[in-house]
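J.: Sharing a structure here in structure tokens format.
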Amino acid sequence: LEDYLALPDERRVELIDGIFYDMAAPSGIHQAIALQIWKQLDNCIDQKGLSCKAQAAPFDVNLDKHTVVQPDVMVFCEDPSQALASRATIAPDLVIEVLSPSTASRDRLLKLRKYRESGVSEVWLVSPGRRQIEVYLFSEGDERPKLYTFSDKVPVHISEKFSGGRCEVNFKTIVRKIQAF
């Protein structure tokens, strides 16, 4: 962690189990999908008055003393102030990773395991190539993902814990917005 914190700001890396992994800049499609997901989540949180805060990369999440990751999109409900800190020191309640060819295996294997171990309740792996969303509900003890497509409205399960009601992300809207360019 000390080595990670000593790196220059312009170097994009993640620290997982004490090993540095370089990160390339995301593609335009990757970034557009992530930002549209964040926008829908942020709007729903505001509209329903939920006590949560959405955040988007680049933002450091310190999962343990050997792991600092930068999920594409994350939501903090248990301690929303984490989303406004210089870096989060607890795991988010929801993590969304948009898969890129250069990071997909790391996101699927290493990071998914770290998210489960650190107490993330819900993880989404969004695959633009497959046009598929895998939703892992670790809070329910289920290791098998629920599968959705880019034609679906994907429910945000962590939002059920709060009295304002359930949020969802409409991927059909995201596809329509991206194809408009």
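The values are calculated or read from the model by the stated rules, or taken from the named source; none is laboratory data. Note that the structure is a prediction, hence the values are computed from the model and not measured. Glycine also receives a Cβ, built like all others from the backbone with ideal geometry; neighbour counts cover every protein chain displayed. Heavy atoms of the whole protein, side chains included, go into the accessibility calculation; ligands, DNA and RNA do not. Shrake-Rupley method; radii C 1.70, N 1.55, O 1.52, S 1.80 Å.
J.: Quickly run through region 73-96 and pick out the residues that are open to solvent by 20 Å² or more (accessible area, probe 1.4 Å) and closer than 17 Å to LYS39 by Cα.
T.: Residues satisfying the conditions are PRO80, LEU84.
J.: Still on this structure, please answer the following. Pick from region 136-164 the residues that are part of a strand (DSSP E or B) and among the β-branched types (Val, Ile, Thr): which of them is modelled with the lowest pLDDT?
T.: Top of the filtered list is VAL156.
J.: Assuming GLY141 fulfils every condition listed in (1) surrounded by 14 or more Cβ atoms within 10 Å (Cβ to Cβ); (2) out of contact with any Pro (no Cβ under 6 Å at 6 or more places or on another chain); (3) within 17 Å of LEU112 (Cβ to Cβ) apart from one, which condition is it?
T.: Evaluating GLY141 over (1) surrounded by 14 or more Cβ atoms within 10 Å (Cβ to Cβ); (2) out of contact with any Pro (no Cβ under 6 Å at 6 or more places or on another chain); (3) within 17 Å of LEU112 (Cβ to Cβ) leaves (1) as the failure.
J.: Suppose the filter is in a strand (DSSP E or B) and on the phi < 0 side of the Ramachandran plot; does GLU78 pass it?
T.: When the stated conditions are applied, GLU78 does not pass them.
J.: Looking only at region 144-163, decide whether some residue is out of contact with any His (no Cβ under 6 Å at 6 or more places or on another chain), more than 20 Å from ALA56 (Cβ to Cβ) and of a type in the set (Asp, Glu).
T.: The answer is yes; a qualifying residue exists.
J.: Continuing with this model, one more query. Restricting to region 1-12, name every residue that is surrounded by 14 or more Cβ atoms within 10 Å (Cβ to Cβ) and either at pLDDT 95 or above or not in a helix (DSSP H, G or I) (or both).
T.: Of everything in region 1-12, just one residue is surrounded by 14 or more Cβ atoms within 10 Å (Cβ to Cβ) and either at pLDDT 95 or above or not in a helix (DSSP H, G or I) (or both), namely ARG12.
Residue-by-condition table, conditions (1) touching a residue at least 24 places away in the same chain (Cβ under 8 Å); (2) touching a Gly at 6+ places or on another chain (Cβ under 7 Å); (3) in a helix (DSSP H, G or I):
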site	(1), (2), (3)
LEU15	yes, no, no
ALA24	yes, no, no
ILE29	yes, no, yes
GLN40	yes, no, yes
ASP46	no, no, yes
VAL68	yes, no, no
PRO71	yes, no, no
PRO92	yes, no, no
GLU97	yes, no, no
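J.: Out of LEU110, LEU99, I need the residue that is among the hydrophobic types (A, V, I, L, M, F, W, C), closer than 11 Å to PRO71 by Cα and open to solvent by 10 Å² or more (accessible area, probe 1.4 Å). Which one?
T.: LEU99
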